[in-house]
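Asks: Let me give you the structure first, and then I'll get to my questions.
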Amino acid sequence: MTSPTPALLKGETGEWELIIGLEVHAQVSSQSKLFSGASTEFGAEPNTQVSLVDTAFPGMLPVINDYCVQQAVRTGLGLNARINLRSVFDRKNYFYPDLPPGYQISQYKQPIVGEGIVTVDLPDGSVREVGIERLHLEQDAGKSLHDQHPKLTYVDLNRAGVALMEIVSKPDLRSAEEAGAYVKKLRTILRYLGTCDGNMEQGSLRCDVNVSVRKPGAPLGTRCEIKNVNSVRFLQQAVEFESRRQIDALEAGRAIKQETRLYDANTGETRSMRSKEEAHDYRYFPDPDLLPLELSQDYVESIRGSLPELPDAKRARFEKDLAISHYHARVLVAEKESADYFEAFVAAVEKRTTKSGRDIGQDCANVVVTELFGALNKDAKPIEASPITPDALAGLQALKMDGTISGPTAKKVFEEMYATGKQAAAIVEEKGLRQVSDTGALEAMVDKVIADNPKQVEQYRGGKETVLTFFVGQIMKASRGTANPAVINELLKKKLAR
Ligand code: MN
């Protein structure tokens, strides 16, 4: 299902269309930097992970990190993109106090990855294909620390030279919601690939958002770029504020100036940072210290051969092989760890029972999505911190499937497992929760409830059959949920019919 044209924004002069393109800087999950052997570990003491290359010491030469190149190719393949067998590193010249060489090594006219496509899942269940313009490799800058001293700014070069993949989308996004969904999907794909940890709080994934508005069908308007947005929520808020700002300005007869803006999470507003520079202002030229990067098709194919199953393929397989609903499949594949957990759970259930595949898939999905994710969400815990392992959960599922415990009892046992980390079988024995299906044992309970409630018996015999649920409820309560409801129903009907 492809999404319909998103809702237009209303202004005083009519409706406006929102045009959004994103530049995402994704830090390569690499232990060392793009052109030096210095460590990239997060959180180290300032300036302890800096090589002479990173400080642009005279005479130092960059050496390309093969691992980072592999990750860029891997990411390009995961984005269904063309891999350019020849790419070139350029110097992008500008002054930043935390950029010692006075230039950033980046790729300009010949990036390592060309056009690709990302399928974005929208909250209403529809999908939208978003074009990727390019992905290029570049170095990160260091960090200026303005809050360490009242009068001085400190510089930390630990981040200087860390490898980034800049992933540029086409201006295909039409709402704040789509922009958020795109970043989430991109992050999911990167995490499946293992090429970037996607941690927005630590800055491993940062978004620059280009926003413009136009009357439907009109040429593209002037865009503003909002820099370094570091959460999906802020991204959506920034787009909402900025589009409204531009519409209001245009409707008041003011022109939009092309500029770089900052989003302030405290006020929810964007504000002007600097007028936008053009590419020629950077005086790009090929870095004379680095040869063009040439890859063989065999190299690319060997990386293609090592790609994991990606979320879209996994979702389709869950729907087909496990008969899981589209909604549940989407939720399960949204994080690689969740999908891994679920698959381990299904495999463990198959090992413990005689059923498999489409016969158990949806029920297993319900348990994981409703019970487990529900409990984890309440505690704001990730799946990796689940107190119940996939195998332990399968133990519970098997007890439910073979009738040892009832569905409602299974929910109670789940809660106990979640709270204590105990195995299902141990809890069932300890608390005597085994479902009683033995007719003899249940008959006594049925007789007692009939004897204790003459008024309801009269009602039932008078034709009010709904009273049956009252009797079932009484017996379930008396048996603490262990009575088999199907057997009780049958016994009750038999006895009350007399
Ligand atoms: Mn960049």
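Asks: Being among the basic types (Lys, Arg) and at pLDDT below 90 narrows it down to one residue among Lys493, Lys455; which is it? Before the answer, list the steps.
Replies: On the way: Lys455 fails: at pLDDT below 90.
Just a single option satisfies the conditions, and that option is Lys493.
Asks: Let me ask something else about it. For the list (1) closer than 30 Å to Leu376 by Cα; (2) free of Cβ contacts under 8 Å to residues at least 12 places away in the same chain, I need the number of the one condition that Ala394 fails.
Replies: With (1) closer than 30 Å to Leu376 by Cα; (2) free of Cβ contacts under 8 Å to residues at least 12 places away in the same chain applied to Ala394, the lone miss is (2).
Asks: Here's a follow-up. Only one of (1) free of Cβ contacts under 8 Å to residues at least 40 places away in the same chain; (2) crowded, with 18+ Cβ neighbours inside 10 Å fails for Thr270. Which number is that?
Replies: Failed condition: (1).
Asks: In the stretch 125-173, what residues are within 16 Å of the ligand (Cβ to nearest atom), β-branched (Val, Ile, Thr) and without any contact (Cβ under 8 Å) to a residue 60 or more places away in the chain?
Replies: So in the stretch 125-173, the residues within 16 Å of the ligand (Cβ to nearest atom) come out as 132-143, 159-169.
Among the residues that remain, those that are also β-branched (Val, Ile, Thr) are: 132, 162, 167-168.
Across the stretch 125-173, the qualifying residue is only Ile132.
Asks: State the number of residues belonging to the stretch 310-369 that are polar (S, T, N, Q) and touching a Ser or Thr at 6+ places or on another chain (Cβ under 7 Å). Lay out the reasoning, then the answer.
Replies: Here is the first cut: in the stretch 310-369, the residues polar (S, T, N, Q) are 325, 338, 353-354, 356, 362, 366.
Still in the running and touching a Ser or Thr at 6+ places or on another chain (Cβ under 7 Å): 362.
Going through the stretch 310-369 one residue at a time, the tally reaches 1.
Asks: Considering only residues of the stretch 180-224 that are within 16 Å of the ligand (Cβ to nearest atom) and either charged (D, E, K, R) or on the phi > 0 side of the Ramachandran plot (or both), which is modelled with the lowest pLDDT?
Replies: Gly203
Asks: OK, next. Given Ala444, Ala380, Ala426, which one is without any contact (Cβ under 8 Å) to a residue 24 or more places away in the chain, outside the structural domain of Ser338 (by TED's automatic domain parsing) and over 26 Å from Gln362 (Cβ atoms)? Before the answer, list the steps.
Replies: On the way: Ala380 fails: outside the structural domain of Ser338 (by TED's automatic domain parsing); Ala426 fails: outside the structural domain of Ser338 (by TED's automatic domain parsing).
It is Ala444.
Asks: Just give me the residues in the stretch 315-345 being surrounded by 17 or more Cβ atoms within 10 Å (Cβ to Cβ) and either farther than 24 Å from Gly194 by Cα or outside the structural domain of Ile388 (by TED's automatic domain parsing) (or both), in sequence order.
Replies: Within the stretch 315-345, Leu322, Ile324 qualify.
Asks: Starting from the stretch 9-33, keep only residues that are β-branched (Val, Ile, Thr), then list their pairs with residues that are more than 16 Å from the ligand (Cβ to nearest atom) and part of a strand (DSSP E or B) whose Cβ atoms are within a distance under 9 Å, requiring at least 6 positions of separation or different chains.
Replies: Taking only residues 6 or more apart or on different chains, the pairs are Ile19/Leu173; Ile19/Val211; Ile19/Ser212; Ile19/Val213; Ile19/Arg214; Ile20/Leu173; Ile20/Val211; Ile20/Ser212.
Residue-wise test of (1) part of a loop (DSSP other than H, G, I, E, B); (2) more than 30 Å from Thr40 (Cβ to Cβ); (3) under 28 Å from the mean Cα position of the chain (by Cα); (4) in the same structural domain as Ile256 (by TED's automatic domain parsing).
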site	(1), (2), (3), (4)
Met200	yes, no, yes, yes
Ser212	no, yes, yes, yes
Pro216	yes, yes, no, yes
Thr222	yes, yes, no, yes
Glu242	no, yes, yes, yes
Arg245	no, yes, no, yes
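Asks: Quick one: which residue in Glu45, Glu41, Glu17 is among the acidic types (Asp, Glu), in contact with a strand residue (DSSP E or B) (Cβ under 7 Å, 6 or more places away or on another chain) and either within 16 Å of the ligand (Cβ to nearest atom) or in the same structural domain as Gly125 (by TED's automatic domain parsing) (or both)?
Replies: Answer to the selection: Glu17.
Asks: If you take the residues in the stretch 249-267 that are touching a residue at least 12 places away in the same chain (Cβ under 8 Å) and either in a helix (DSSP H, G or I) or of a type in the set (Val, Ile, Thr) (or both), which one is farthest from Gln104 (Cα to Cα)?
Replies: Initial filter on the stretch 249-267 (touching a residue at least 12 places away in the same chain (Cβ under 8 Å)): 250-251, 255-263, 265.
Imposing the further condition that a residue be either in a helix (DSSP H, G or I) or of a type in the set (Val, Ile, Thr) (or both) reduces the set to 250-251, 256, 260.
Details: Leu250: 36, Glu251: 39, Ile256: 29, Thr260: 19 Å.
Ranking the candidates gives Glu251 first.
Asks: Take the residues in the stretch 81-124 that are among the hydrophobic types (A, V, I, L, M, F, W, C), surrounded by 20 or more Cβ atoms within 10 Å (Cβ to Cβ) and assigned to a strand (DSSP E or B), then tell me which one is farthest from the ligand (Cβ to nearest atom).
Replies: Step by step, filter the stretch 81-124, then rank; the result is Val120.
Asks: Another one. Only one of these conditions is not met by Glu177: (1) within 14 Å of the ligand (Cβ to nearest atom); (2) more than 16 Å from Thr270 (Cα to Cα); (3) surrounded by fewer than 20 Cβ atoms within 10 Å (Cβ to Cβ); (4) not β-branched (Val, Ile, Thr). Which number is it?
Replies: (1)
The values are calculated or read from the model by the stated rules, or taken from the named source; none is laboratory data. Since the structure is predicted, the reported quantities are computational estimates derived from the model, not experimental observations. A quick note on method: Cβ atoms are made from the backbone with ideal geometry, for glycine too, and the neighbour counts reach across all protein chains shown.
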